[in-house]
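A.B. asks: To start, I am sharing the structure in question, which I have written as structure tokens.
The values are calculated or read from the model by the stated rules, or taken from the named source; none is laboratory data. From a predicted model like this one, the values you see are computed outputs, not experimental measurements. Every residue, glycine among them, receives a Cβ derived from its backbone with ideal geometry; neighbour counts consider all protein chains shown.
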Amino acid sequence: MLNIAIIEDDPVLRKALSNHFANSTQVECVLLVETVEKFVKFHRDFMEIDLILLDVMLFKQSSIPSIPLIQQRAPHAEIVMYTIVDDSETIFQALCNGATGYLLKDPDFNQLEAQIISNLSGEGALLNPSVAKKIINYFTPRSQKVNRTEQESGLNEKEAIVVKLLRDGSSYQEIAQYLGVTLNGVRYHVKNVYRKLQIKSKGELWKRVR
């Protein structure tokens, strides 16, 4: 069983999330509060929290500056922003302050649960495709997306984007959604990347593109 905590100020959404995870056989919500202060107050080490869903705006105040405080209480937990706020500056600030994922709120709680399970199984970062795209556009102008290693290896633009998304922890499904291709299309691009970089594994890829 995976243990999560939820910090959400909307009582209706908080109750809906609580009801959903109460019926889950794989994810348990062990702490449900409306403020970071209450999280700090009620958190206990025996809860062994794996992941925290954190709303960006709590009672009209940004929770982003409180991320380091949450990390102090739960240093091994993933901190995933769960919000309707999707501007590039907020995303950038959250990730720079220690958030490990950024999801836009969606009424499909089954999908949310599946994403949490996938993330905690090591299959990719918790980033909506649109958020991943904003991150790439924020850090690198389109004209500069291919770095020196990729230029020297002859990667085309899509292959370079695949490398960047893999490096940032995106899953094949997220990459497929971002590029607008099938999973087989992603595998085709990855195969070409391996061939052009003359590598055979993700481990070798990380060494080449750091």
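A.B. asks: Given the options ARG44, ARG14, name the one that is surrounded by fewer than 18 Cβ atoms within 10 Å (Cβ to Cβ), over 15 Å from the mean Cα position of the chain (by Cα) and free of Cβ contacts under 8 Å to residues at least 24 places away in the same chain.
C.D. replies: ARG44
A.B. asks: I've got another one for you. Got a sec? Which of ILE67, ILE52, ILE117, ILE79 is more than 19 Å from TYR178 (Cα to Cα) and touching a residue at least 60 places away in the same chain (Cβ under 8 Å)?
C.D. replies: On the way: ILE67 fails: touching a residue at least 60 places away in the same chain (Cβ under 8 Å); ILE52 fails: touching a residue at least 60 places away in the same chain (Cβ under 8 Å); ILE79 fails: touching a residue at least 60 places away in the same chain (Cβ under 8 Å).
The unique qualifying residue is ILE117.
A.B. asks: Looking at LEU179, LEU126, which is the one that is under 20 Å from LEU2 (Cβ atoms) and at pLDDT 75 or above? Reasoning before the result, please.
C.D. replies: Details: LEU179 fails: under 20 Å from LEU2 (Cβ atoms).
Answer to the selection: LEU126.
A.B. asks: On to the next question. Restricting attention to the stretch 193-207, and to residues there that are buried (at least 16 other Cβ atoms within 10 Å of the Cβ) and touching a residue at least 12 places away in the same chain (Cβ under 8 Å), which single residue is nearest to SER121 (Cα to Cα)?
C.D. replies: LEU205
A.B. asks: Kindly indicate the residue of the stretch 157-192 that is among the hydroxyl-bearing types (Ser, Thr, Tyr) and over 22 Å from GLY122 (Cβ atoms) and also farthest from the chain's Cα centre (by Cα) among those meeting that condition.
C.D. replies: Selected residue: TYR188.
A.B. asks: Quick one: count up the residues across the stretch 174-210 that are in a helix (DSSP H, G or I), out of contact with any helix residue (DSSP H, G or I) (no Cβ under 7 Å at 6 or more places or on another chain) and small (Gly, Ala, Ser).
C.D. replies: Of the residues in that region, 1 qualify.
A.B. asks: What do you reckon, is ILE117 in a helix (DSSP H, G or I), aliphatic (A, V, I, L, M) and surrounded by fewer than 17 Cβ atoms within 10 Å (Cβ to Cβ)?
C.D. replies: When the stated conditions are applied, ILE117 passes them.
A.B. asks: Take GLU34 and decide whether it is under 21 Å from the mean Cα position of the chain (by Cα) and in the same structural domain as ASN119 (by TED's automatic domain parsing).
C.D. replies: no
A.B. asks: Do we find that LEU17 is out of contact with any Leu (no Cβ under 9 Å at 6 or more places or on another chain), modelled with pLDDT of 95 or more and at negative phi in this structure?
C.D. replies: Criteria not met by LEU17.
A.B. asks: Are there any strands (runs of 3 or more DSSP E) wholly within the stretch 1-97 with 1 or more residues that are of a type in the set (Ser, Thr, Tyr) and within 19 Å of ILE116 (Cβ to Cβ), and if so which?
C.D. replies: The qualifying strands (runs of 3 or more DSSP E) are 78-83.
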